[in-house]
Amino acid sequence: MFVSVPLLDLQAHYAPLRQSLLEAVTRVCDSQRFIGGPEVEGLERELSAYLNTPHAIGMSSGTDALVAALMALQIGPGDEVITPTYSFFATAGAVVRVGARPVLVDVEADTFNLDPQATLAAITPATKAIIPVHLFGQAAELAPILAAAGPRQIAVIEDAAQAIGAAYRGRAVGSWGAIGCFSFFPSKNLGGFGDGGLVTSTSDDLARRLRLIRNHGMEPKYYHHLVGANFRIDALQAAVLRVKLPYLSGWSDARRTNATRYRALFADAGLPVTMPVEAPDRTHIYNQFVIRAPERDRLRAHLDAAGIGTEVYYPVPFHLQACFAGLGYKAGAFPVAEAAARQSLALPIYPELTEAQQAAVVGAIRGFYS
Ligand SMILES: *Cc1c(COP(=O)(O)O)cnc(C)c1O
């Protein structure tokens, strides 16, 4: 039987909530309050409770959240910011946008998250921040990074764009560093009807600066304390996200259940692929279920022909991107990330995925290797 399996099924995600989502959108349209207002304030309150952090500030995107975080920490020309070389582009792009220099480090072979030892070794007197990325939905190893950063006045900015609700040592990611950055891009575990993002902070002072930066440094109207930008989240997005937030934990649990089922199916199948590793005390909410596979590109084409959607996160690490050639890194500089870029393959893991679909995915992979 032919079972088609998309990488992500947003229609199946939308269908059960369609009525409440349309009501929320209608509520905003009827109010004609599109900027700020009760929906944005409500979302910020609810996310602050969900993430157990005193300050949650809606932003225009995850990318803008990262830029705003760097701006709030007054990071700019002459400063170095350490980021993993293996992540979505925005992590390093944001550093360049504020005029600072990204200092890249390799990742852990098993979790794809930044390597703490490599991170500590990359610290120099110019290091002003470290951006651990909680990649694919799993918390990065934060303790050694926080321990090294604190006494040196280095800020830790958590890129939690893929990991809303994941925890490190039982506490939500995004609440460990100076600032946490989140994204509501439609493919994230909590996705809007377009772009949106969030910053969190435990510091009253940073939160105040972030609110100013979000709105041209303006307080009150037309009095500008600093040069910020328009980093505001739309009221329409906030209303949509408020409908979805109560379901987020259930969705992430469903992704985890699907991950467990893949592990069992793959164990039975005895295939030459490597499963994602869950490190102790670092919960994984499986924004992506990323395996390592020999002959990855041929496998991907085979799955595509079988109606199974996959994606490569990410085919080119930062140090080999054309736009970062000026940083002077060479091929071979970060072998773990380079191997991951050749081998990683994200399989469908969305909450609505059925057992039959998962069996079809594993069956098709078995077909390729046999
Ligand atoms: C999605 C993502 C971002 C950027 O978020 P946008 O809302 O798309 O701007 C940043 N970092 C990581 C790791 C991401 O996955």
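The values are calculated or read from the model by the stated rules, or taken from the named source; none is laboratory data. Quick caveat, the model's predicted, so the values are computed rather than measured. Neighbour counts run over all protein chains shown; Cβ positions are idealised from the backbone, glycine included. Quick note on the areas: whole protein, heavy atoms, side chains included, nothing else; ligands and nucleic acids left out. Shrake-Rupley method; radii C 1.70, N 1.55, O 1.52, S 1.80 Å.
Observations, loosely collected:
- Put the Cα centre of segment 1-40 next to the Cα centre of segment 89-123 and the gap is 34 Å.
- Distance between the modelled labels on THR260 and VAL277, one decimal in nanometres: 2.2 nm (7 Å Cα→Cβ projection).
- Here ASP297 and ALA331 are evaluated by their C-beta separation; at R0 = 22 Å the FRET efficiency comes out at 0.75.
- Antiparallel bridge percentage (DSSP; both residues within the chain; nearest 5): 60
- Mean separation of Cα contacts under 8 Å, 6 or more apart, over the residue count of segment 193-302: relative contact order %: 17
- Taking each residue as 0.36 nm, the span from TYR247 to ASP304 lengthens on full extension beyond its C-alpha to C-alpha distance by 17.5 nm.
- Segment 341-367-segment 269-313 distance, computed between alpha-carbon centres (Å): 7
- Solvent-accessible area of the chain (1.4 angstrom probe, protein heavy atoms only): carbon and sulfur portion equals 55 percent.
- Amide H contacts of ILE130 (H built 1.01 Å from N, in plane; Pro and chain starts excluded): ILE82, ALA155, VAL156, ILE157 sit under 5 Å, all sequence-distant by 5 or more or on other chains.
- Close amide-amide hydrogen proximity is noted between GLY217 and GLY228, ALA229, each under 5 Å apart and 5 or more residues distant or on a separate chain (H modeled in the peptide plane; Pro and chain starts excluded).
- Computed 3J(HN,Hα) for segment 148-154, one whole-Hz value per residue from the Karplus formula 6.51 cos²θ - 1.76 cosθ + 1.60 where θ = phi - 60°, is 7, 6, x, x, 9, 6, 9, glycine and proline marked x.
- In the full protein context, segment 248-369 carries 42 Å² of accessible surface per residue, based on a 1.4 Å probe and ignoring ligands, DNA and RNA.
- Net length available on complete extension from PHE89 to ARG152 is 20.0 nm, with 0.36 nm assigned per residue and the Cα-Cα distance removed.
- Residue-wise HN-Hα coupling along segment 241-248, computed from phi with Karplus coefficients 6.51, -1.76, 1.60 (Hz; x: Gly, Pro): 5, 5, 5, 7, 3, x, 9, 4
- Helical runs assigned H by DSSP (4 residues or longer) give the chain a calculated mean residue ellipticity at 222 nm of -11500 deg cm²/dmol, each run adding -39500 (n - 2.57) before division by the residue total.
- Scanning residues 5 or more positions from VAL107 or on other chains, those with amide H under 5 Å from its amide H are ASP115, VAL336, ALA337, with H placed 1.01 Å from N in the peptide plane.
- Solvent exposure, largest accessible area first (probe 1.4 Å, DNA, RNA and ligands not counted), of CYS323, CYS29, CYS181: CYS323, CYS29, CYS181
- The smallest convex shape that holds all Cα atoms of the chain, its convex hull, gives 137 Å³ per residue.
- Inter-label distance for GLN19 and TYR222, nm, one decimal - labels placed 7 Å from Cα along Cα-to-Cβ: 4.8
- Around ALA126: net Lys/Arg minus Asp/Glu count, Cβ-Cβ under 9 Å: 0
- Using θ = phi - 60° and Karplus 6.51 cos²θ - 1.76 cosθ + 1.60, couplings along segment 194-211 (whole Hz; Gly, Pro as x): x, 8, x, x, 7, 10, 10, 7, 9, 9, 4, 5, 5, 4, 5, 5, 5, 5
- Take 160-172, 193-205 and order them by the average number of nearby Cβ atoms within 10 Å per residue, most first; the result is 160-172, 193-205.
- Cα-projected label distance for PHE2 with THR26, points at 7 Å along beta-carbon direction, nm: 3.9
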